[in-house]
Amino acid sequence: MINSYQKKWSVSLVLNCHKEGLLMAAAFRSLEAAAIELLTMEIPVEVIICIDKPDPLSLEVAKHLSKSCRFRAELLKVNFGDLSHSRNRSVRSARHSWIAFLDADDLWSFNWLKAAHQYLLNFDKPEHIILHPEIDIFFPDGYIHPMPNQEQLTDPLGTLLADNVWDSLSIAHRSIYLKHPYRENRLSRGFGYEDWAWNYETVKAGFIHRVVPETCHFKRRSPQSLSQRSRDLSVLVTPPLL
């Protein structure tokens, strides 16, 4: 049975950048490779490169990538210094009905977008579903993080109080991100993990988190990454959770 969303599905691909320099090119090519898989289905695609407080090299790379992109591309230069605000700004700028996030030092598996689209066709109300890959592979250490479907958790909200079980690079309907924007990271005040708080908030609001079989994200571990700085500072999850 063909779901009605198959005909009107369109996606804005958001590449969030900061000071990744030449690493951005690898992330962008990963994004393009995944997006090409949608062309055969004639799914409208746009790319939003949102770069926040960049250094000169990163800004130069972002400009080049936006000009060379084979899809419609928009370059957003912002000065937030906070990933949550960058994500929210990108969502407001998006023209399409679905959003897919990629950070500029990470990679998608090439089948991520196509598999996500096909997976959503199984649902009567796909706009209520938030998608994650089946696994994260962290490099260079090769650590593998498998992710569960929400119904596999006996107590999803209780689990999320103790552990962030899902990837931050989600795909969901734009309306979810608009209604539930990411909350600001305030590392200097001891609060962070905007994606963790967002996962909790959206579960509490009644949305369903699912993983797409046979997909993965490749995540770079860096001493300068937001997640690593959050761990080093022993910050708490951005409130309110309750």
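The values are calculated or read from the model by the stated rules, or taken from the named source; none is laboratory data. The shown structure was predicted, so the numbers you read here are calculated from the model rather than taken from an experiment. No Cβ is skipped: glycine too gets one built from the backbone with ideal geometry, and neighbour counts run over all protein chains shown. Keep in mind that these areas ignore ligands, DNA and RNA; they rest on the heavy atoms of the full protein, side chains included. Shrake-Rupley method; radii C 1.70, N 1.55, O 1.52, S 1.80 Å.
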Index of the failed condition, Ala33 passing every other in (1) in contact with a helix residue (DSSP H, G or I) (Cβ under 8 Å, 6 or more places away or on another chain); (2) modelled with pLDDT of 95 or more; (3) closer than 19 Å to Arg220 by Cα: (1)
Being in a loop (DSSP other than H, G, I, E, B) and open to solvent by 20 Å² or more (accessible area, probe 1.4 Å), is that true of even one residue in the range 128-137? no
When you scan the range 24-124 for helices (runs of 4 or more DSSP H) that lie fully inside it, which ones turn up with 2 or more residues that are within 22 Å of Ser175 (Cα to Cα)? 83-93, 112-120
Considering each of Asp141, Asp167 in turn, give the residue that is in contact with a His (Cβ under 7 Å, 6 or more places away or on another chain) and at pLDDT below 95. Asp167
Would you please name the residue that is farthest from Phe110 (Cα to Cα), looking only at residues in the range 202-218 that are aliphatic (A, V, I, L, M) and open to solvent by 20 Å² or more (accessible area, probe 1.4 Å)? Ala205
Could you please tell me which pairs satisfy a Cβ distance under 6 Å, a separation of 6+ or placement on different chains, a first residue in the range 22-38 that is under 17 Å from Leu75 (Cα atoms), and a second residue that is at pLDDT 95 or above and in a helix (DSSP H, G or I)? Met24/Val61; Phe28/Leu65
Please enumerate the residues belonging to the range 176-197 that are modelled with pLDDT of 80 or more, open to solvent by 60 Å² or more (accessible area, probe 1.4 Å) and assigned to a helix (DSSP H, G or I). Leu178, Lys179
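Residue-by-condition table, conditions (1) over 13 Å from the mean Cα position of the chain (by Cα); (2) surrounded by 22 or more Cβ atoms within 10 Å (Cβ to Cβ):
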| residue | (1), (2) |
| --- | --- |
| Leu59 | yes, no |
| Ala62 | yes, yes |
| Arg87 | no, yes |
| Asp124 | yes, no |
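Look through Leu153, Leu102, Leu131 and report the one residue that is closer than 20 Å to Glu74 by Cα, modelled with pLDDT of 95 or more and of a type outside the set (Phe, Trp, Tyr). Working first, answer last.
Working: Leu153 fails: closer than 20 Å to Glu74 by Cα; Leu131 fails: closer than 20 Å to Glu74 by Cα.
Result of the check over Leu153, Leu102, Leu131: Leu102.
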